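Below is the structure I would like to discuss, written out as structure tokens.
The values are calculated or read from the model by the stated rules, or taken from the named source; none is laboratory data. None of the values given here were measured: they were computed from a predicted structure. With ideal geometry, Cβ positions are generated from the backbone for all residues, glycine too; neighbour counts draw on all protein chains shown. Remember, those area values only see protein heavy atoms, side chains included, never the ligands or the DNA or RNA. Shrake-Rupley method; radii C 1.70, N 1.55, O 1.52, S 1.80 Å.
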Amino acid sequence: MPAQPAPDASGSTTGDPGDTRTAGVVLHPPVLYGGALIAGLLIDALTPLHIGLGPWRFGPAIALGLAGLALGGAAALRFRRVGTPIPTNRPTSALVVGGAYRWSRNPIYLGLTALYAAIALAADAPVTLALLAPVLVVMHYGVIRREERYLEARFGVAYHRFRGRTRRWL
């Protein structure tokens with residue numbers, strides 16, 4: 001494994017700027033989450049099923065949604081701060097290990113998951129909520145595992161150390 005530069009003061013490690021490879025994910029995460037959310041909400045609108053929590057669902061849904069937005073937003077700002085693109089179809093130029101990335105290797109995905117669940121809960125939409133399970137399977141095998149292989153190849157020892165001290169989700 002080639003030697004990799006040490007993280008800078010912002011908690012990122014830069015890669016070769018000429019490298020144009022990407023992780024090759026099966027589907028961009030916002031498309032995956034958004035597509036499942038729309039499909040689920042349409043199915044739920046056509047069925048008489050309900051989660052059954054009544055108006056009590058709104059408090060937890062709001063809290064979960066705000067937490068998801070805050071976590072995903074903070075993680076996205078960290079990406080912008082160190083100058084690496086967020087979209088999965090663009091090459092990563094820096095390994096981000098600070099901020100929310102100290103606790104999770106995937107805080108943006110964790111935020112998307114919380115926001116999705118919050119919307120399903122607020123909408124009293126059990127089919128939508130159930131569709132989150134296959135979304136997470138596709139995320140694991142079609143996105144996250146591919147990104148992990150890509151980041152290991154791109155950042156070597158720096159990513160290996162990050163992966164060793166930081167959990168995938170929480």
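Which value at 222 nm does the chain reach when only helices count, each DSSP H run of 4 or more adding -39,500 (n - 2.57), with the total divided by all residues and rounded to the nearest 500 deg cm²/dmol?
Details: 7 runs with 91 residues, N = 170.
Computed mean residue ellipticity for the chain: -17000 deg cm²/dmol.
Okay, next question. Using a 10 angstrom Cβ neighbour count of at most 12 plus a DSSP loop assignment to flag exposed trypsin sites (Lys or Arg not before Pro), which longest range of the chain is free of such sites?
On the way: sites that count: Arg21, Arg167.
Looking at the chain, 22-166 is the longest stretch - no exposed trypsin sites (Lys or Arg not before Pro) with at most 12 other Cβ atoms within 10 Å.
Between segment 20-69 and segment 107-170, how many Å separate their Cα centres?
The distance from the Cα centre of segment 20-69 to that of segment 107-170 comes to 14 Å.
Give the long-range amide H neighbours of Ala94: residues separated by 5 or more places, or on another chain, with amide H under 5 Å away, using H modelled in the peptide plane at 1.01 Å from N.
The answer is Gly15.
Among (1) 18.5, 64; (2) 17.2, 50; (3) 17.7, 59, find the value of Rg and Dmax of the Cα atoms in Å that was calculated from the structure presented, and write down its label.
Checked against the structure: label (3).
Kindly point out which whole DSSP H helices in the chain project their C-alpha atoms 27 angstrom or further along the helix axis while averaging a Kyte-Doolittle hydropathy of 0.5 or above. Numbers along the way, then the final one.
On the way: long enough: 58-82 (36 Å, 1.15).
Length and hydropathy pass: 58-82.
Determine the order of Leu131, Leu77, Leu27 by accessible area, beginning with the largest, at a probe radius of 1.4 Å.
Numbers: Leu131 50, Leu77 105, Leu27 70 Å².
In descending accessible area the options line up as Leu77, Leu27, Leu131.
With springs only between Cα atoms under 10 Å apart, run a GNM on the chain and tell me which of Ala70, Ala61, Ala133 wobbles the most.
Residue with maximal mean-square fluctuation among Ala70, Ala61, Ala133: Ala133.
Could you compute the net charge surrounding Ala125? Neighbours are other residues with a C-beta less than 11 Å from the C-beta of Ala125; K and R count +1, D and E count -1. Don't jump to the answer; show the numbers that get you there.
Values: positive: Arg57; negative: Asp44, Asp124.
Summing Lys and Arg as +1 and Asp and Glu as -1 gives -1.
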